[in-house]
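To start, the structure under review is shown below, and the notes come after it.
The values are calculated or read from the model by the stated rules, or taken from the named source; none is laboratory data. If you're wondering where the values come from, they're calculated on a predicted model, not measured in any experiment. Note: ideal-geometry Cβ built from the backbone for every residue, glycine included; neighbour counts use all protein chains shown. Heavy atoms of the whole protein, side chains included, go into the accessibility calculation; ligands, DNA and RNA do not. Shrake-Rupley method; radii C 1.70, N 1.55, O 1.52, S 1.80 Å.
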Amino acid sequence: MRRRGFMISIRQHGIPPGISLVEVVVAMAIATVLMGLSMTTLHTIMRAERESSQAVWLGASFQRFSRLFRDDIHAAESVQLEPEKVANPKTLVILKPGGEQITWRIEEFRIDRVVSREGKVLHEDMFYVPAGSEAHFIQQQRLNQAGISIRETGSPVLPDKESGNTQESRPRAAHELAVLSTIGRNYRLTQISFEQSEKETNQTN
């Protein structure tokens, strides 16, 4: 008497077939690559935004610095550089009418402005220059002018390999900005007197 074997097949509808280990590894590799690309793109965008914001902030700060610096020199009775007889002085002392003294001082990447009268500090301002910049005050006594020179150095240039010269290097790319103003020449007062004389001429006619 033979026994018949029965094969029972159970099918579960709605359940997808299994995923192999190779497919899981490939999916993880693709996800890792996409995540790396997205992180690199995000880092680049954030760095560009930070640099643009810093450039705008430095530009606005320099405009305010340039305006105040010119106004102080125009209204000065006398100007003195400290230390004296030095190629690149870092301090400029301006004496204004009424005993007011304005001291401009260059620190590492900062320019300070201190307003004082009779040894008492009345007001302080701080302005920043780009990192790596070199600044110093200048005075041209023959032209009765004073100012500041700001030199922003570029990245160093490697020696020229073609010439074989390893001791001397090519000059660095740099941007130099100078602000010069006439000492004691207040252009605002000149403009006011000119406008007054023009009005008097019109009334006379």
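Test residue 56 against the stated conditions and say whether it is aliphatic (A, V, I, L, M) and over 18 Å from the mean Cα position of the chain (by Cα). Outline the logic, then answer.
Details: aliphatic (A, V, I, L, M): yes; over 18 Å from the mean Cα position of the chain (by Cα): no.
Spelling it out, it is not the case that residue 56 is aliphatic (A, V, I, L, M) and over 18 Å from the mean Cα position of the chain (by Cα).
Are any residues in the range 72-120 outside any strand (DSSP E or B) and in contact (Cβ under 8 Å) with a residue 60 or more places away in the chain, and if so, which ones?
Matches in the range 72-120: 73, 74, 75, 76, 77.
When you scan the range 34-71, how many residues do you find that are at pLDDT 85 or above, hydroxyl-bearing (Ser, Thr, Tyr) and more than 21 Å from residue 103 (Cβ to Cβ)?
4
Restrict the check to the range 60-70 and report whether at least one residue is farther than 24 Å from residue 185 by Cα, open to solvent by 30 Å² or more (accessible area, probe 1.4 Å) and within 14 Å of the chain's Cα centre (by Cα).
Yes; the residues of the range 60-70 include at least one that is farther than 24 Å from residue 185 by Cα, open to solvent by 30 Å² or more (accessible area, probe 1.4 Å) and within 14 Å of the chain's Cα centre (by Cα).
Just need a number here: residues in the range 140-151 that are crowded, with 17+ Cβ neighbours inside 10 Å and at pLDDT 90 or above. Working first, answer last.
Within the range 140-151, the subset crowded, with 17+ Cβ neighbours inside 10 Å is 146-148, 150.
This time we only want the ones that are at pLDDT 90 or above, so: 146-148.
So the count comes out to 3.
Looking only at the range 121-139, filter to residues that are among the aliphatic types (A, V, I, L, M) and outside any strand (DSSP E or B); which one of those is most open to solvent (accessible area, probe 1.4 Å)?
At the first step, the residues of the range 121-139 found to be among the aliphatic types (A, V, I, L, M) are 121-122, 126, 129, 131, 135, 138.
Now narrow it down to the ones that are outside any strand (DSSP E or B): 129, 131.
Working: 129: 22, 131: 84 Å².
The extreme case among them is 131.
Tell me which residues, restricted to the range 72-85, are under 22 Å from residue 129 (Cα atoms) and open to solvent by 20 Å² or more (accessible area, probe 1.4 Å).
Within the range 72-85, 81, 82, 83 meet the criteria.
Check whether at least one residue in the range 119-138 is at pLDDT below 90, within 19 Å of residue 66 (Cα to Cα) and touching a Gly at 6+ places or on another chain (Cβ under 9 Å), and report yes or no.
no
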